[in-house]
Amino acid sequence: MTTKKIIGKNRKTFYVTTAIDYVNAEPHIGHAYQKIVADALARYHKLKGDEVFFLTGTDEHGQKILKTAQESKMDPKEFVDKMSKKFEEAWKTLNINPDRFIRTTDKDHQEKVQEFIKLMDKKGDIYKGSYSGLYCLGCEAYVTEKDLVNGKCLFHPNAQIKELKEDAYFFRLSKYEKNLLELYEKNPEYILPEFRRKEIINRVKEGLNDLNMTRTKFDWGIPFPLEKGFVVYVWYEALLNYITGLDWPNEKFKKFWPADVELLGIDNGWFHCVIWPAMLMSLGIKPAKTILINGFLTFNGQKISKSLGNAISPKEMVEKYGADPIRYYVFRNFVFGQDGDFSEKALVERHNNELANKLGNLVSRVTALAEKNGIEKTPNKLILKLNLKEIEKLINNYEFDKALNEIFSFIDTCNEYVQEKKPWETKDKKILYELLDSIKAIAIVLWPFIPTTSEKIAEQIGFEIKYSEIGKPLKVKEVKKGEILFKKI
């Protein structure tokens, strides 16, 4: 993966987005996964010196939101204000720091959606007609018989499937079938992982229907600018957040677009990989560089579901385990793109065996010995065993589990070096310097994944968390042992 546009002498830009969360229910750990990954990618590129923009937020319009607000006996705006705040706070507890948290009820988003529609109409890509078909309230989308399994939606099996008929405005999606297939063929990295790309291509080859882009049965949405009495279809306007959040079509948009990575779940694949690029093609805007699709997550072996009572809030998980152990676990335990199970038992094992026994123990032992015996600057031959190029390659390929495996292999090497050189007996200040300098490098490369821990180590030893600091001699002369980084669970 490559970043784009040189800014100044060496600065490049990197733009990463996530799917925005629908606020009809509380945030849960399944929602958090994508945001943790996006945050780590943003931090990694900041380490590398790139100019970064990270966007996430909440999706707040549509029939399902209106229905949930009515059931809660609340005004829909009051309801979404309350729910959106919960999502924003949940991400803060996990140390997820977007550059903008966009809401689809934001004034600038609504105005720019209407502007986009007017421009699309001028291109001749919108027409009025009528539509009838099966509608899934869970998806807030029309579906076909072949989308259903035993008459039920694959993604929302408990949702009602209704036959609906209404006047509507349509986007000429079918017009872009050939363009989309060319996009997929010429840009194999556009949809990742590869097996998801093949699924999308096969479906597009079956033919595309034009998209019903308005609704008339309710009014909780952005008013459709071409005729009163219509609101913009929630999925159509939600997709536009990726450019409205960049102040399209102004300077920030010109600097950061196209997005380097758009992260989303498999249930959103069709909208993002087919409808979204076609909408951009209509206005002559380049699609994102890569759409990265993660699989489904289960929790302790069960599908994450409000009805099952296992939709554990990120806030509760952080209170129980801490943010960094959760962040570390999702990267170490899941192969990105594949389905995965969030197991508390496995999280505890990773915490105790890897974070506490390996990383925590290394930092604790070395800093205690350095505080007692002092250090003496010397060339650090140990750090040559840290394979930075391989770590970078793995992160750029979204193989986060393997990147962490590489980093922890070096932590093992450092622990073995302690055992081999026995600095508690030899009092060798040069050995302790080598180890401290290596811990500095470890903390820097781990910062995208476990930022709080890295920052604690940096404060304790005395260095800046910058990629350029790796390989530079450690300047600190005195070291004091800090608090235990990871207490056993």
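The values are calculated or read from the model by the stated rules, or taken from the named source; none is laboratory data. Only a predicted model underlies this, so the values are computations on that prediction, with no experimental measurement involved. We place every Cβ from the backbone using ideal geometry, glycine too, and count neighbours over all the protein chains shown.
Check whether at least one residue in region 429-437 is exposed (fewer than 15 other Cβ atoms within 10 Å of the Cβ), among the charged types (D, E, K, R) and more than 21 Å from I96 (Cβ to Cβ), and report yes or no. Even if it seems obvious, please write down each step before you answer.
Here is the first cut: in region 429-437, the residues exposed (fewer than 15 other Cβ atoms within 10 Å of the Cβ) are none.
Scanning region 429-437, I find no residue that is exposed (fewer than 15 other Cβ atoms within 10 Å of the Cβ), among the charged types (D, E, K, R) and more than 21 Å from I96 (Cβ to Cβ), so the answer is no.
If S130 meets every condition in (1) buried (at least 17 other Cβ atoms within 10 Å of the Cβ); (2) in a strand (DSSP E or B); (3) without any contact (Cβ under 8 Å) to a residue 60 or more places away in the chain apart from one, which number is that one?
Only one criterion in (1) buried (at least 17 other Cβ atoms within 10 Å of the Cβ); (2) in a strand (DSSP E or B); (3) without any contact (Cβ under 8 Å) to a residue 60 or more places away in the chain is unmet by S130, namely (1).
Give the residues of region 239-263 that are among the acidic types (D, E) and assigned to a loop (DSSP other than H, G, I, E, B), sorted by residue number.
D247, D260, listed by residue number.
If I filter region 459-489 down to residues being of a type in the set (A, V, I, L, M, F, W, C) and within 18 Å of L386 (Cα to Cα), which single residue comes out as modelled with the highest pLDDT?
Looking only at region 459-489, we keep the residues that are of a type in the set (A, V, I, L, M, F, W, C), and these are 461, 463, 465, 470, 474, 476, 479, 484-486, 489.
Filter once more, so that each one left must be within 18 Å of L386 (Cα to Cα): 465, 470, 474.
Details: I465: 96, I470: 92, L474: 89.
Within region 459-489, the match that is modelled with the highest pLDDT is I465.
Got a sec? Which of L66, L134, L154, L148 is at pLDDT 90 or above and more than 29 Å from K320 (Cα to Cα)? Full working, then the answer.
Working: L134 fails: at pLDDT 90 or above; L154 fails: at pLDDT 90 or above; L148 fails: at pLDDT 90 or above.
When all the criteria are applied, what remains is L66.
Being in contact with a Cys (Cβ under 8 Å, 6 or more places away or on another chain), β-branched (V, I, T) and at negative phi narrows it down to one residue among I484, I395, I383, I442; which is it?
On the way: I484 fails: in contact with a Cys (Cβ under 8 Å, 6 or more places away or on another chain); I395 fails: in contact with a Cys (Cβ under 8 Å, 6 or more places away or on another chain); I383 fails: in contact with a Cys (Cβ under 8 Å, 6 or more places away or on another chain).
Matching residue, one of I484, I395, I383, I442: I442.
Conditions tested, residue by residue: (1) over 28 Å from K12 (Cβ atoms); (2) of a type in the set (F, W, Y); (3) within 16 Å of the chain's Cα centre (by Cα).
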site: F253; (1), (2), (3): no, yes, no
site: A278; (1), (2), (3): yes, no, no
site: G284; (1), (2), (3): no, no, no
site: T290; (1), (2), (3): no, no, yes
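For I407, state whether it is modelled with pLDDT of 95 or more, of a type in the set (V, I, T) and within 32 Å of the chain's Cα centre (by Cα).
Numbers: modelled with pLDDT of 95 or more: yes; of a type in the set (V, I, T): yes; within 32 Å of the chain's Cα centre (by Cα): yes.
Criteria met by I407.
When only residues in region 295-322 that are part of a helix (DSSP H, G or I) and of a type in the set (A, V, I, L, M, F, W, C) count, which is modelled with the lowest pLDDT? Don't jump to the end; show me each part of the working.
To start, the set of residues in region 295-322 that are part of a helix (DSSP H, G or I) comprises 314-321.
Right, trim to of a type in the set (A, V, I, L, M, F, W, C) and you get 317-318.
On the way: M317: 90, V318: 94.
The residue in question is M317.
For residues that are among the polar types (S, T, N, Q) and more than 28 Å from the chain's Cα centre (by Cα), scanning just region 433-489, find the one that is farthest from W91 (Cα to Cα).
Taking region 433-489 as the starting set, the residues that turn out to be among the polar types (S, T, N, Q) are 438, 452-454, 460, 468.
Keeping just the survivors that are more than 28 Å from the chain's Cα centre (by Cα) gives 438, 460.
On the way: S438: 31, Q460: 26 Å.
It comes out as S438.
Out of the helices (runs of 4 or more DSSP H) lying entirely within region 379-478, which hold 2 or more residues that are closer than 29 Å to N333 by Cβ?
Values: elements: 388-396, 400-421, 423-426, 429-446, 451-461.
Correct list: 388-396, 400-421, 429-446, 451-461.
Tell me which residues, restricted to region 352-378, are more than 24 Å from L47 (Cβ to Cβ), assigned to a helix (DSSP H, G or I) and in contact (Cβ under 8 Å) with a residue 12 or more places away in the chain. Spell out the reasoning first.
Looking only at region 352-378, we keep the residues that are more than 24 Å from L47 (Cβ to Cβ), and these are 352-353, 356-357, 361, 364-365, 368-378.
Narrowing further to those that are assigned to a helix (DSSP H, G or I): 352-353, 356-357, 361, 364-365, 368-373.
Of everything in region 352-378, those that are more than 24 Å from L47 (Cβ to Cβ), assigned to a helix (DSSP H, G or I) and in contact (Cβ under 8 Å) with a residue 12 or more places away in the chain turn out to be N352, A356, N361, S364, R365, A368, L369, A370, E371, N373.
Please verify whether Y176 is among the hydroxyl-bearing types (S, T, Y), modelled with pLDDT of 95 or more, touching a helix residue (DSSP H, G or I) at 6+ places or on another chain (Cβ under 6 Å) and buried (at least 19 other Cβ atoms within 10 Å of the Cβ), treating the condition exactly as stated. Step through it out loud before you land on a result.
On the way: among the hydroxyl-bearing types (S, T, Y): yes; modelled with pLDDT of 95 or more: yes; touching a helix residue (DSSP H, G or I) at 6+ places or on another chain (Cβ under 6 Å): yes; buried (at least 19 other Cβ atoms within 10 Å of the Cβ): yes.
Spelling it out, Y176 is indeed among the hydroxyl-bearing types (S, T, Y), modelled with pLDDT of 95 or more, touching a helix residue (DSSP H, G or I) at 6+ places or on another chain (Cβ under 6 Å) and buried (at least 19 other Cβ atoms within 10 Å of the Cβ).
From the list D210, D267, D219, pick out the single residue that is under 16 Å from I126 (Cβ atoms), assigned by TED's automatic domain parsing to the domain that holds G62 and surrounded by fewer than 23 Cβ atoms within 10 Å (Cβ to Cβ).
Values: D267 fails: under 16 Å from I126 (Cβ atoms); D219 fails: under 16 Å from I126 (Cβ atoms).
Answer to the selection: D210.
Give the residues of region 367-404 that are of a type in the set (G, A, S) and under 31 Å from the mean Cα position of the chain (by Cα), sorted by residue number.
Of region 367-404, the ones of a type in the set (G, A, S) are 368, 370, 374, 403.
Hit for region 367-404 is A403, nothing else.
Looking only at residues in region 44-63 that are surrounded by 24 or more Cβ atoms within 10 Å (Cβ to Cβ) and small (G, A, S), which one is modelled with the lowest pLDDT?
Among those residues, the one meeting the criterion is G62.
Please work out which residue is farthest from K286 (Cα to Cα), limiting yourself to region 175-204 and to residues that are in contact with a Phe, Trp or Tyr (Cβ under 9 Å, 6 or more places away or on another chain) and in a loop (DSSP other than H, G, I, E, B).
The first filter runs over region 175-204 and keeps only residues in contact with a Phe, Trp or Tyr (Cβ under 9 Å, 6 or more places away or on another chain), leaving 183-184, 190-193, 197, 200-201, 203-204.
This time we only want the ones that are in a loop (DSSP other than H, G, I, E, B), so: 190, 193.
On the way: Y190: 12, P193: 21 Å.
The selected residue is P193.
With the structure loaded, tell me whether E425 is surrounded by 14 or more Cβ atoms within 10 Å (Cβ to Cβ) and either free of Cβ contacts under 8 Å to residues at least 24 places away in the same chain or in the same structural domain as L94 (by TED's automatic domain parsing) (or both) or whether it fails that test.
Values: surrounded by 14 or more Cβ atoms within 10 Å (Cβ to Cβ): no; either free of Cβ contacts under 8 Å to residues at least 24 places away in the same chain or in the same structural domain as L94 (by TED's automatic domain parsing) (or both): yes.
For E425, the condition - surrounded by 14 or more Cβ atoms within 10 Å (Cβ to Cβ) and either free of Cβ contacts under 8 Å to residues at least 24 places away in the same chain or in the same structural domain as L94 (by TED's automatic domain parsing) (or both) - is not met.
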